[in-house]
Amino acid sequence: MPRPFDPPAGAQRSFDDLGVPLSEVTFCVLDLETTGGHHERDAITEIGIVKVRGGECLGTFQTLVNPGRAIPPTVSMLTGLTEAVVAPAPRIESVLPSLLEFLGDSVLVAHNARFDVGFVRAALERAQRPRWRGTVVDTVHLARRLVRDEVPNCKLSTLAAHLRLDHRPSHRALDDALATTDLLHLLIERAAGLGVLGLDDLVALGRIGGHPMTPKLRLTASLPRTPGVYMFRGHADSVLYVGKATDLRQRVRSYFGSDDRRKIGPMLRETTAITHVELPDPLTAEVVEIRFIGRLLPRYNRRGTRASSYRYVKLDTEAPWPRLSIVTKAPTAGVHLGPLPSQAAARRVVDALQSALPLRRCTTRLGRSHTPRLDATECSAAQLGVALCPCAGTADPADYATAVDHARRAMEGDVRVVADRLHARMGRLARQQRFEEAATTRDTLSALLGAVRRTALLDALGRAGRAEIRDGSTTWVVDEGRLVDTRTAQTLTSALPVDALGVTVPGRPTPRDHADEALCLASFFDRRAARLTVTCDGTWAFPVAASTAVDALVGAA
């Protein structure tokens with residue numbers, strides 16, 4: 001377990017710490033008596049601690065403390081501690097070393113822990129010692145979750161009486177700590193019925209703000225603390241939602257407390273079971289999640305369920321007068337970007353290219369021997385001076401070929417000409433105080449750069465062919481853009497058939513129904529390219545060569 005006095009603030013606990021069984025956790029149950037309720041103005045007069053593990057008492061710590069100030073008569077009447085009683089006692093500065101040694105790296109437990117921990121931290125600060133950052137369990141919060149309906153209130157004295165605890169509080173530190181210890185053991189027994197078996201479960205349970213679906217926590221009892229995919233299921237075993245996790249147990253249980261998205265409440269109300277697929281690593285889990293979502297189309301999932309809305313931006317370079325178009329099917333000729341996540345995303349990319357280059361915007365089919373009619377007039381874009389118009393016969397073939405070449409280069413990764421022109425346009429608009437138009441131009445440039453980057457990643461994955469990629473002890477096998485195996489663990493085919501998906505053919509656009517998985521794999525390999533060992537029968541192009549230039553322009557945009 002982490003040392004509670006390590007200096008890094010907010011450092012995340014290790015995987016093993018989160019999943020330690022409660023029977024193996026050492027708890028230090030703390031109670032303080034003080035001169036008042038404010039940890040800055042008042043001081044500690046008595047400390048009582050009970051150390052327990054597995055239901056067995058390992059030791060106690062008790063001492064009076066000289067607060068160095070007067071004890072109000074009302075406090076003396078409550079606790080029986082007077083100035084004469086505490087005068088011979090040591091000051092808190094002398095007590096802190098032995099207190100910290102007794103606490104060690106135990107989990108601190110208190111009834112209304114904010115009060116007790118606040119006084120301990122204030123004393124440490126005044127003594128110029130490191131701030132205490134250990135794990136805390138508050139029995140008040142646990143009692144509110146587990147026994148609130150059985151008692152009038154959650155005061156320690158009320159709980160001790162109604163629950164018939166062996167020890168009763170007396171406003172003396174050690175007596176109250178013993179009573180809190182009895183309460184802790186009772187609450188742990190109650191929590192076990194909700195599947196609370198580890199330290200992370202207990203800490204999380206105390207933070208669940210009276211969640212109405214708390215009784216359904218028992219559905220998570222069998223979840224492991226490993227990577228994998230989870231499924232919330234409803235009536236007739238229908239799949240409501242599919243998600244991935246590095247720690248299945250911790251992630252699923254978070255839906256009952258910290259996740260406040262609007263759809264979560266209705267989904268939990270419909271949930272009758274939670275199933276999971278245990279997988280060897282987070283990347284495999286993400287791929288399997290994408291496959292399940294694409295095949296099952298769960299009602300509460302949005303990402304990954306709309307492959308039918310994906311679009312490509314196509315430049316038909318084989319046509320006499322090429323133009324940009326947005327198409328649904330993967331293009332077999334010309335230059336393309338995509339698949340992009342929506343028609344709107346594709347439209348922004350087209351707007352970026354058309355704002356920088358005078359490509360024709362009409363949809364008229366023009367042959368190589370096109371002869372304009374005598375009464376033909378230029379289209380509106382040409383009349384505004386933002387496009388050439390071969391339909392009316394006013395476009396110079398050489399000028400048009402130059403514009404097409406710039407568009408092709410931009411779509412293949414060399415975006416410098418287009419980006420420079422759009423930056424210049426943004427500057428002109430800003431100087432004219434046309435800020436909304438400048439922002440729109442910025443957004444279209446960002447959309448173009450993102451589409452170029454996305455397409456480059458997908459193309460790089462397709463060119464790899466069949467590849468074995470190793471990172472440490474894990475080896476992923478990718479074939480035609482699909483993850484087909486994860487070595488040293490189960491194969492993906494046991495989780496979901498791979499033939500339900502399209503395949504990536506080198507030199508051709510990635511199919512729409514395969515884009516999410518391919519982009520997931522490509523992005524992962526690109527980020528970790530420096531640490532991977534790869535063998536493949538194609539060309540391994542990660543990290544993507546154009547990424548540095550594109551990323552720099554994204555930042556500038």
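Observations
- Of the solvent-accessible surface of the chain, computed with a 1.4 Å probe and all protein chains present, 49% belongs to carbon and sulfur.
- FRET E, pair residue 163, residue 56, Förster distance 22 Å, beta-carbon r, rounded to 0.05: 0.60
- Chain lengthening between residue 384 and residue 531 when straightened (0.36 nm per residue, less Cα-Cα): 47.7 nm
- Only the Cβ atoms of Lys and Arg (+1) and of Asp and Glu (-1) were treated as charged; on that basis the dipole of segment 162-244 about its Cα centre amounts to roughly 280 debye.
- Averaged over its residues, segment 14-115 has an accessible area of 46 Å² per residue, based on protein heavy atoms and a 1.4 Å probe.
- Within the chain: Cβ-based charge dipole about Cα centre, in debye rounded to nearest 20 (Lys, Arg +1; Asp, Glu -1): 1820 debye
- Dipole of segment 90-179, positive direction: furthest Cα of 163, 113, 147, with charges on the beta-carbon: 113
- Additional length obtainable on full extension of the chain from residue 328 to residue 303, 0.36 nm per residue less Cα span: 7.1 nm
- Straight-line reach from residue 216: taking Cα to Cα under 25 Å and skipping same-chain neighbours fewer than 8 places apart, the lysines in range are 244, 263.
- With all protein chains kept in place, the per residue accessible area of segment 138-223 amounts to 45 square angstrom at a probe of 1.4 angstrom.
- At R0 = 56 Å, FRET efficiency that the Cβ-Cβ distance of residue 342 and residue 82 yields, to 0.05: 0.15
- Reported label for calculated Rg/Rh (Cα atoms, Kirkwood Rh) given [x] 1.15; [y] 0.97; [z] 1.06: [x]
- Accessible area expressed per residue, segment 229-287, with surrounding protein chains retained (probe 1.4 Å, Å²): 41 Å²
- Partner aspartates and glutamates for residue 155 [C-alpha distance under 19 Å; skip if fewer than 8 residues away on the same chain]: 31, 33, 116, 138, 166, 175, 176, 182
The values are calculated or read from the model by the stated rules, or taken from the named source; none is laboratory data. A quick note: this is a predicted structure, and the numbers were derived from the prediction, not measured. Every residue, glycine as well, gets a Cβ built from its backbone with ideal geometry; the counts of neighbours run over all protein chains shown. For the accessible areas, the whole protein counts, side chains as well, though only heavy atoms, and no ligand, DNA or RNA atoms are used. Shrake-Rupley method; radii C 1.70, N 1.55, O 1.52, S 1.80 Å.
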